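To start, the structure under review is shown below, and the notes come after it.
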Amino acid sequence: MLDMGFIRDIRKVLKLLPKRRQNLLFSATMPKPIVDLAGSFLNNAIMIDVSPKEATVERIEQKVLFVRKADKRRLLVNIIEEEKVKRGIVFTRTKHGANRLVKQLYQSGINAEAIHGNKSQGARTKALAGFKDGGVPILVATDIASRGIDVEGITHVFNYDLPNEPESYIHRIGRTARAGRSGIAYAFCDNSESGYLVGIQQLIGYEIPIDENHDFHYVGAIPKPGQKPGKIKESKPQNNNQQNHKNPQNNKSQSNRHNHRHKRRNPQSSVPNNRRSRGRNSSRSSEKR
């Protein structure tokens, strides 16, 4: 709700309520923004945690597919077409990524709609209605926007981008295998997300089975032995100042070439300033005459 812009509405409602009251706050998760919000209008609050004892449902078949980031879209299209997915949710990490993926799926002949915080309420309602009635087989969503979606018959969940919070993985795959049914959850993992996978597997208590039976299997995305959970630190590019310091002769030659090009492009720059000034002064004096 916060991500979709309802925080202002919540604060407006709170101002209209009596100061002496009883409040109850329900939330699927308790990230820091929610904790801060709760602390702003709750006094001596008692937290009741009803997290399930089992992290994931046994009826959900889970698979992790190691793939390069550039190949994720083609892998997703292949699975949707091969398994003839009629009702599946694809999770992305960003709103921009959700919009971009919908366009890419459309180009591949797959009808999909995006639902996230930047969409208007009418657009979200329309996308969800199309998903429920079967007109839209694929719903691309971000984590927060998907909270509260309760649609029966979801057979597939695709973690197109692995979540940076392991708990979000459990909420994602819980969209399928409801009401006693079975479902399948795919996790696409590229080489920048292996740390996220480590955190997810630590939370659920076991390693997710690996599916190598696809055309885009990439061993470089498999977590290293003893790898820690979390984001992988990217190597910093070498500083240009350091490169110039190491190669002063190179830097000098580049400067000379730049000055040479500048002179050729501005031939008048070699004319002394006093000559140009005299020209301007003489023209002005002639105008006076």
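The values are calculated or read from the model by the stated rules, or taken from the named source; none is laboratory data. Just so it is clear, the structure is predicted and the values come from calculations on it, not from any experiment. Glycine gets a Cβ as well: all are built from the backbone with ideal geometry, and neighbour counts include every protein chain shown.
Based on this model, can you work out whether PHE91 counts as buried (at least 16 other Cβ atoms within 10 Å of the Cβ), touching a helix residue (DSSP H, G or I) at 6+ places or on another chain (Cβ under 9 Å) and of a type outside the set (Gly, Ala, Ser)? Outline the logic, then answer.
Values: buried (at least 16 other Cβ atoms within 10 Å of the Cβ): yes; touching a helix residue (DSSP H, G or I) at 6+ places or on another chain (Cβ under 9 Å): yes; of a type outside the set (Gly, Ala, Ser): yes.
Criteria met by PHE91.
Residue check: is ASP143 within 24 Å of GLU61 (Cβ to Cβ), under 21 Å from the mean Cα position of the chain (by Cα) and acidic (Asp, Glu)? The answer is yes for ASP143.
Residue by residue, here is whether (1) modelled with pLDDT of 95 or more; (2) farther than 26 Å from ALA70 by Cβ; (3) in contact with a helix residue (DSSP H, G or I) (Cβ under 7 Å, 6 or more places away or on another chain) holds:
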position: GLY195; (1), (2), (3): yes, no, no
position: VAL198; (1), (2), (3): yes, no, no
position: TYR206; (1), (2), (3): no, yes, no
position: ILE210; (1), (2), (3): yes, no, no
position: HIS217; (1), (2), (3): yes, no, no
position: PRO237; (1), (2), (3): no, no, no
position: GLN242; (1), (2), (3): no, yes, no
position: ASN251; (1), (2), (3): no, yes, yes
position: ARG265; (1), (2), (3): no, yes, no
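Checking every residue in segment 160-175 against the condition of being at pLDDT 85 or above and in a strand (DSSP E or B) gives zero matches. Output the qualifying pairs, or none if there are none: Cβ atoms under 6 angstrom, residues six or more apart or on different chains, first residue in segment 123-147 and in contact (Cβ under 8 Å) with a residue 12 or more places away in the chain, second residue surrounded by fewer than 15 Cβ atoms within 10 Å (Cβ to Cβ) and of a type in the set (Val, Ile, Thr). Partner pairs satisfying both residue conditions: LYS132/VAL151. Checking VAL102, VAL90, VAL85 one by one, the residue that is closer than 17 Å to LEU139 by Cβ, more than 19 Å from the chain's Cα centre (by Cα) and at pLDDT 80 or above is VAL85 and no other. Would you say GLY134 is over 25 Å from VAL64 (Cβ atoms) and surrounded by fewer than 14 Cβ atoms within 10 Å (Cβ to Cβ)? For GLY134, the condition - over 25 Å from VAL64 (Cβ atoms) and surrounded by fewer than 14 Cβ atoms within 10 Å (Cβ to Cβ) - is met.
Residue-wise test of (1) over 30 Å from PHE216 (Cα atoms); (2) surrounded by 15 or more Cβ atoms within 10 Å (Cβ to Cβ).
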{"site": "VAL67", "(1), (2)": "no, yes"}
{"site": "GLU81", "(1), (2)": "no, no"}
{"site": "LYS86", "(1), (2)": "no, no"}
{"site": "THR125", "(1), (2)": "yes, no"}
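Farther than 24 Å from ASN164 by Cα and surrounded by fewer than 18 Cβ atoms within 10 Å (Cβ to Cβ), is that true of ASP49? Answer is no for this residue. Candidates ILE149, ILE115, ILE170: the one that is in contact with a Leu (Cβ under 8 Å, 6 or more places away or on another chain), more than 25 Å from ARG74 (Cβ to Cβ) and surrounded by 19 or more Cβ atoms within 10 Å (Cβ to Cβ) is ILE170.
Listed conditions (1) of a type outside the set (A, V, I, L, M); (2) at pLDDT 85 or above; (3) under 30 Å from ASN191 (Cβ atoms); (4) not assigned by TED's automatic domain parsing to the domain that holds PHE131 are all met by PRO31, apart from (2).
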